[in-house]
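The values are calculated or read from the model by the stated rules, or taken from the named source; none is laboratory data. Given the structure is predicted, the values throughout are model-derived calculations rather than measurements. Glycine gets a Cβ as well: all are built from the backbone with ideal geometry, and neighbour counts include every protein chain shown. The protein model used for the area step is the full one, side chains on, heavy atoms only, and it has no ligands, DNA or RNA in it. Shrake-Rupley method; radii C 1.70, N 1.55, O 1.52, S 1.80 Å.
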Amino acid sequence: MSVIAVNPILSGFYPDPSICAVGEDYYLVNSTFAYFPGLPVMHSRDLAHWEQLGNACNRQSQLPLQGCGHSEGLFAPTIRYHDGMFYIICTNISGGGNFIITADNPAGPWSEPYFIKGADGIDPSLFFDEDGVCYYIGTHPNPKGCRYDGDWHIWIQELDIERMELVGKPEDVWSGAMKNVIWPEGPHLYKKDGYYYIMHAEGGTGPNHAVTVCRSRNIWGPYENNFCNPVLTHRHLGKDYPVRYVGHADMIETPAGEWYMTMLAVRQVEGYTMLGRETFLARVVWEDGWPVVNPGVGKLTEKVQINLPEWKAGQNCGMYDFAGACHTLGNEFLFLRNPDEDMYRIKEGEGLYLKCSDVLLNQKASPSYIAVRQRHHQFTSGTLIDIKSVGENRAGIALVQSNEYYLRLEVSGKYVSAILCEMGNDRILGSAEINSEKAVLFIRVSGLTAVLGIREENRERIVVENVDIRGLSTEIASGFTGCTTGIYATAKTIYSDRQEVRFLNFSYQEF
């Protein structure tokens, strides 16, 4: 039996994937940067279909994000399993550095973070050797001094997993496969047929991204370079190739002895990245002691045949009826930084009440914003809002890339306005009067343009169309995140920040 996986296996803002296998089950985590809760934990039994079990960092105490930029916070995590326990190791560059959390159930709860003293740098990973000894591997600036931007080294040190402390001496073991390489990062250790393998990314998480491998008979080295490096990259395929930025990979072996690799890549529209870095899958075989990715092809493919029985994952419907069946927010919903505990409430039969905040979307704080990832190049997000509940405050729906680049459609009083923010500056694109007590606000995106409008009593009115949203792309806004879309509420004054806006539903649908 087999199943076909369609790339990307996780569409939208799911960067830096790390995967582990536990029997016939597979678990995957991704970076979340400034979003809360952090580190989605995904589960599959066929590598093609995935469900979200929860978020590993779902408590404020685990994840301090106050004041961090969109592309700060949680960097690349690694998930591993050993002796009945799951481990996630990650970097919070905005609060504490490198840390480990643990759980005996991947759905959680996960522990409070154990911050690793003396673990400098980023992108940590764990490796459990056959004798049970645990090793920490990560990347940090060249200890002799960086000769150029990106002159980093990969280092290893033994980790006492009981005390969560580094022991012994750290050893720099590798500085990348290419001459004068930049950003050797995201390293993972594996052991196969008596060799220790380091697989890592280099070239930067952009057009020159690549996956490279080295090996040694001794964990401390010396490591030999694979003459076929990079084992995977798309940097040689040109700017017009539809899938780019391939790198930051991790590997697993199935019970049948087959190997598969996850990695990040982007799907661009006319050279612009709107969805952020997504999770892709490839097949791996071993030849002459080295991994070969998608043999005979040498690049990512749209489909991957997997020799596992098909498994059906639970899926969300894309429509959230706050006034009806939806009484809690699913694991897929996100907030910016650390939200107030009382930011929202859902009341059965009435809807979601979102507290008006004096924090704006363009601030490095936590606005009243509840969102999901943009996962498609063509989609519509919408919300049915109680106009009277807004009053003179401002509330509506937004498409957010960062606190400096976003698009929003908001109600205030009896008017709705379409506003584009670029480089932190708002620009009103159009406005219209609302005549109903309730109205649907929607943002319809098709590639690099958007239409913003309202529906009243089944009649659709366009507020503004042909909005150029290239500014919300990675290439212009920069950073590591993709776009999210959701609902928000902003107080008119500091005296109205306790008022609530009622949202009856929220939807996200591909078209």
Quick one: is GLY67 in contact with a Lys or Arg (Cβ under 6 Å, 6 or more places away or on another chain), open to solvent by 10 Å² or more (accessible area, probe 1.4 Å) and under 24 Å from GLN401 (Cα atoms)?
-> yes
Subset of region 146-177, residues β-branched (Val, Ile, Thr) and either at pLDDT below 95 or more than 11 Å from GLY118 (Cα to Cα) (or both), comes to ILE154, ILE156, ILE161, VAL173
May I ask you to list pairs of residues, at least six apart or on different chains, whose Cβ atoms are under 8 Å apart, with the first in region 446-465 being in contact (Cβ under 8 Å) with a residue 40 or more places away in the chain and outside any strand (DSSP E or B) and the second being of a type outside the set (A, V, I, L, M) and open to solvent by less than 20 Å² (accessible area, probe 1.4 Å)?
-> LEU448/SER473
Which one of these is under 26 Å from the mean Cα position of the chain (by Cα), of a type outside the set (A, V, I, L, M) and under 20 Å from PHE506 (Cβ atoms): GLY482, GLY453, GLY471, GLY424?
-> GLY482
Among the residues of region 182-215, which ones are aliphatic (A, V, I, L, M), crowded, with 21+ Cβ neighbours inside 10 Å and farther than 16 Å from TYR136 by Cα?
-> ALA201, ALA210, VAL211, VAL213
Of (1) in a strand (DSSP E or B); (2) more than 22 Å from ALA371 (Cα to Cα), GLY95 fails just (1)
Here, strands (runs of 3 or more DSSP E) confined to region 11-75 with at least 3 residues that are without any contact (Cβ under 8 Å) to a residue 60 or more places away in the chain are 38-44
With the condition kept exactly as written, say whether any residue in region 482-493 is aliphatic (A, V, I, L, M) and at pLDDT below 95.
-> yes
Would you mind stating whether GLY204 is over 23 Å from VAL292 (Cα atoms) and small (Gly, Ala, Ser)?
-> no
Can you pull out the strands (runs of 3 or more DSSP E) entirely within region 227-331 that have at least 2 residues that are of a type in the set (A, V, I, L, M) and either open to solvent by less than 70 Å² (accessible area, probe 1.4 Å) or under 30 Å from GLY351 (Cα atoms) (or both)?
-> 243-253, 259-267, 278-287, 290-293, 303-306
Does ASN92 satisfy the condition of being open to solvent by less than 10 Å² (accessible area, probe 1.4 Å) and without any contact (Cβ under 8 Å) to a residue 40 or more places away in the chain?
-> yes
Select from region 356-370 the residues that are assigned to a strand (DSSP E or B) and at pLDDT 95 or above and list them in ascending order.
-> SER368, TYR369, ILE370
State whether the residues of region 343-350 include one that is closer than 28 Å to THR481 by Cβ and among the acidic types (Asp, Glu).
-> no
Would you mind telling me which numbered condition in (1) open to solvent by 40 Å² or more (accessible area, probe 1.4 Å); (2) over 24 Å from LEU472 (Cβ atoms) CYS20 fails?
-> (1)
Sort out which residues of region 468-503 are closer than 19 Å to ARG444 by Cα and either touching a His at 6+ places or on another chain (Cβ under 8 Å) or open to solvent by 10 Å² or more (accessible area, probe 1.4 Å) (or both), and write them in order of number.
-> ASP468, ARG470
The lone exception for LEU336 - which of (1) over 22 Å from GLY67 (Cβ atoms); (2) of a type outside the set (Val, Ile, Thr); (3) at pLDDT 95 or above it fails | (1)
Only unsatisfied item for ASP172, checking (1) under 21 Å from ARG147 (Cβ atoms); (2) open to solvent by less than 30 Å² (accessible area, probe 1.4 Å); (3) not hydrophobic (A, V, I, L, M, F, W, C), is (2)
Enumerated strands (runs of 3 or more DSSP E) restricted to region 371-436, each holding at least 3 residues that are open to solvent by 50 Å² or more (accessible area, probe 1.4 Å) and not small (Gly, Ala, Ser) = 425-433
Subset of region 148-171 (residues that are over 28 Å from the mean Cα position of the chain (by Cα) and at positive phi) | GLY168
